[in-house]
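The values are calculated or read from the model by the stated rules, or taken from the named source; none is laboratory data. Predicted model only: the values in this text are computed from it and were never measured. Counting neighbours? That spans all protein chains shown, and the Cβs are built from the backbone with ideal geometry, glycine included.
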Amino acid sequence: MNKIFPKLPGYPEHMSIARKNKDKGLLGYARIAHRDKNGKIIWENAAALINQGEEHMLKGWVQAVANSIPSSFKVNLVTDVAIAEDATTFTVVTGTGYAEVSVAHDATDWTYGTDAGDSKVTTKDCVFTASGADWTTAKKVVLEAVLNSVDTLIAYADLSQDRTVGNGESLTVSIILKLS
């Protein structure tokens, strides 16, 4: 397991960036809150941008390559223990009521802001709520871009410990992409 550092401004002490990503200029991380059925926070955390995500962002933003500009995004909870920098697949959590959360490619589902002078965009709160039964155990959260009707994995975040969302519980996630 990677040692984590440094503290992200405005986030709890345990929310940090993996050492292997400390020198990258474009960071991907997540704000995650696991809540019980009464809305009380059980746990909250902080992700990694993978090669494919970096490639499509740069091609879309700088070169205007049409198939690198997403029509929308999706957020999923996954059971994978590890996701490689060049990964293209993952295994989604299963259970009654589980559904991926869609995030539009617009200024409503993504908000722009700054953090200590660095630009960032943050997804809307993506709420996953178990209904009827507990879900299989989530280990990570992933962000996909929909490129030419193909779901493309672009970033993921460790959940720091396994999360089983029980019947009536919810897990709230927002993905943050930051230029620093």
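General remarks:
- For the condition under 19 Å from A87 (Cβ atoms) and assigned to a strand (DSSP E or B), V127 does not qualify.
- In the set (1) within 25 Å of N148 (Cα to Cα); (2) modelled with pLDDT of 80 or more, W61 fails one condition alone, (2).
- Qualifying residue in the stretch 22-37 (condition: of a type outside the set (D, E, K, R), at pLDDT below 65 and more than 19 Å from V142 (Cα to Cα)): yes
- Hits in the stretch 141-157 (condition: surrounded by fewer than 24 Cβ atoms within 10 Å (Cβ to Cβ) and within 15 Å of T91 (Cβ to Cβ)): E144, D151, L153
- Leading residue by the ranking (modelled with the lowest pLDDT) among those in the stretch 64-102 that are of a type in the set (A, V, I, L, M), crowded, with 17+ Cβ neighbours inside 10 Å and not in a strand (DSSP E or B): I83
- Residue ID - modelled with the highest pLDDT, chosen from residues in the stretch 146-162 that are under 15 Å from I83 (Cβ atoms) and either among the polar types (S, T, N, Q) or not in a strand (DSSP E or B) (or both): T152
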